[in-house]
Amino acid sequence: MQDKVADEVLMEPEMIVYRYYKALYSGDLEFVKSIMTPKSYSMMLESFGLKLSFKDPFFKAELEKVEEEASSLKKVEKALSDDLRSRNVSPEIDILEVEANGSIRKTVYYTEDEKRKNLYFSKEDSGWKINYYAGRPIPQSHFTSIKKWFISILPSFKLPTS
Amino acid sequence: MNNSTDQSKRRGFLSKMLTAGAGGVALFSSAAYARGRKATRTVKLTEEQLDELYFIYQEEKLARDVYITLGEMYPAENTFASIQLSEQRHIDAAQQLCEKYKIDLSRVNEEGIGNFDIDVLQEYYHKLVDQGSESLTSALEVGVFIEELDIADLTKAIEEMDMPDDVTRVYENLREGSYNHLEAFQGALTRV
């Protein structure tokens, strides 16, 4: 268990994307929960539970209480986990690009079965987490802008080679 | 999303609006949504508050885009057409707030129907349209779902995010609009 936790703490966002899909469609919501911020995890439950909630009013009622009641969360996780496993889906994930957004946010661009997608990450105390709220472009500080400008003019300082 | 609590909160909000004598007109103008009732000083928001503003803006777009798509599927049902116009005003109001607080919106393609920068909203769009395509009743139920989602998220933003007065006022107006939309979809469901 210790090793598993240590491994997750060190995981980079692009690796988390692979693990996210693998865990999601094998119904391992405990792992999915460990790599998402709590708010994003709740939203993920709502999104993936949408079909079930339209079909089953009992599930819908439980889904609405997941943030307040631990027993509802458990019931929803169990039903959704079974549902996700039964979908028998194993999407092919290809990472295209990882883009930094400030110092503690990253966006991973990838394809899921050739569909272009992206996930936002924020660096929390326990490592990188999927965070749907982390997509807002962070303005660069003046220092970063000056540093970028300085780096861009560096070649002009090169000494002649001959 | 507890309906009876929400309805009573809404009645409280409405009576406050009527008492203040400033209600009706503000609900129909995006400028009024965004400005609130009086000019206020712009305060510095936390990163979390700015993220919320950015998210709510795009969540309003989700509602509009789903209604446009479902409205094309069910052209005889006027509810989608009338509410999508109102949703555009919601988007404008949320956008003006983002601009006021200098949030970079360059990654958001507002004109692109069904295009979202935020993965979970993209997923929602596809799933809701898919669900709504089953029948007109399903489509109207999707409308109810979206409005309940908006009301819940706006309520959280108002009550838990410690937003400044100008943001709270806009969000209260948006929530009031969502209650009206919810009633319209519920009414349309009874006629199907």
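The values are calculated or read from the model by the stated rules, or taken from the named source; none is laboratory data. A quick note: this is a predicted structure, and the numbers were derived from the prediction, not measured. Counting neighbours? That spans all protein chains shown, and the Cβs are built from the backbone with ideal geometry, glycine included. In case anyone asks, the SASA skips ligands and DNA or RNA and just uses the protein heavy atoms, side chains included. Shrake-Rupley method; radii C 1.70, N 1.55, O 1.52, S 1.80 Å.
Given the criteria open to solvent by 20 Å² or more (accessible area, probe 1.4 Å) and touching a helix residue (DSSP H, G or I) at 6+ places or on another chain (Cβ under 8 Å), does A:GLU46 qualify?
yes
Only one of B:SER82, B:SER133 is at pLDDT 95 or above, of a type in the set (Gly, Ala, Ser) and surrounded by fewer than 17 Cβ atoms within 10 Å (Cβ to Cβ). Can you tell me which?
Every option except B:SER133 fails the conditions.
Going residue by residue through the stretch B:6-15, is there one that turns out to be modelled with pLDDT of 70 or more and crowded, with 18+ Cβ neighbours inside 10 Å?
Checking the stretch B:6-15: not a single residue is modelled with pLDDT of 70 or more and crowded, with 18+ Cβ neighbours inside 10 Å.
If you check A:TYR41 against the conditions, is it open to solvent by 60 Å² or more (accessible area, probe 1.4 Å) and either in contact (Cβ under 8 Å) with a residue 60 or more places away in the chain or under 13 Å from the mean Cα position of the chain (by Cα) (or both)?
no
Suppose we keep only residues that are more than 7 Å from chain A (Cβ to nearest Cβ) and touching a helix residue (DSSP H, G or I) at 6+ places or on another chain (Cβ under 6 Å) within the stretch B:109-121. Which one would you say is modelled with the lowest pLDDT?
B:PHE116
What helices (runs of 4 or more DSSP H), lying completely within the stretch A:27-78, carry at least 2 residues that are more than 10 Å from chain B (Cβ to nearest Cβ) and of a type outside the set (A, V, I, L, M)?
Per the criteria, A:29-34, A:38-48, A:57-63.
Here's a check for you: in the stretch A:97-156, which residue that is modelled with pLDDT under 95, away from chain B (no Cβ under 14 Å) and touching a helix residue (DSSP H, G or I) at 6+ places or on another chain (Cβ under 9 Å) is surrounded by the fewest Cβ atoms within 10 Å (Cβ to Cβ)?
Taking the candidates together, the pick is A:SER126.
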